[in-house]
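The values are calculated or read from the model by the stated rules, or taken from the named source; none is laboratory data. What you see is a predicted model; the values in this text were computed from it and never measured. Note that each Cβ is placed from the backbone with ideal geometry, even for glycine, and that neighbours are counted across all protein chains shown. The accessibility values were calculated without ligands, DNA or RNA, using every heavy atom of the protein model including side chains. Shrake-Rupley method; radii C 1.70, N 1.55, O 1.52, S 1.80 Å.
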Amino acid sequence: MKKTFLDTEISVYNGVTDTKGYVSTVGAFLNDQAHIDKIKYLRTIESKAERNEVKKRLPMATISGIFEPLRKAENLKQHSGLICIDLDRQDNLEVSNWDEVKHQLSYLRYVAYCGLSVGGNGYFAIIPILYPYYHKQQFDALKGDFQKYGLVIDKACGDVCRMRCLSYDPDPYINTSAELYV
């Protein structure tokens, strides 16, 4: 049986202070239902400082690979072939149809997943890439392509060991047949 991006192994961490993590899959991470109440609560908090404190204790993953023994770029054991990008509302204030962004991204053949970010005001997307060991160059190309669509990607996502906080979206976009981004 052919594997999908959901079967790809990544490192998952028990909060931001966990530096060792454990190996899991993208699908297991994205479908973790154990923290939905915490995420819903986080989305109601007005104070950014308080939101960040709750967020720090949620599971996190390095979508772009497995890192051992510690999460550092030089400790990349295996690249997943995936890049995870963030689209934050605050960086895209000129986008008038923000609630439609996830639907619009579904038209891009290389978007494998798109869902709400943990705060509920942004989106994150997972994209399979053709050249995983040119991670930064692939990210820069994606950043340029998204700029053409009028969208600004969080530049920190170019970091191969960037952590993705667990989130919850009751209706994520999933494309298990996504094409590789070239």
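With respect to the conditions (1) surrounded by 15 or more Cβ atoms within 10 Å (Cβ to Cβ); (2) under 26 Å from residue 21 (Cα atoms); (3) touching a Lys or Arg at 6+ places or on another chain (Cβ under 8 Å), residue 129 lacks only one, and its number is (3).
Going through region 35-78 one residue at a time, which ones are among the small types (Gly, Ala, Ser) and within 13 Å of residue 167 (Cβ to Cβ)? The answer is 61, and nothing else. For region 139-171, the tally of residues that are loosely packed, with under 14 Cβ neighbours inside 10 Å and either in contact with a strand residue (DSSP E or B) (Cβ under 8 Å, 6 or more places away or on another chain) or in contact (Cβ under 8 Å) with a residue 60 or more places away in the chain (or both) stands at 1. Looking only at region 69-118, residues that are in a loop (DSSP other than H, G, I, E, B), at pLDDT 95 or above, of a type outside the set (S, T, N, Q) and surrounded by 16 or more Cβ atoms within 10 Å (Cβ to Cβ) come to 7 in all.
I'd like the residue in region 50-67 that is free of Cβ contacts under 8 Å to residues at least 40 places away in the same chain and over 24 Å from residue 152 (Cα atoms) and, out of all such residues, is least open to solvent (accessible area, probe 1.4 Å). Result: 54. Would you mind stating whether residue 22 is surrounded by fewer than 17 Cβ atoms within 10 Å (Cβ to Cβ), farther than 16 Å from residue 172 by Cβ and not small (Gly, Ala, Ser)? Answer is yes for this residue.
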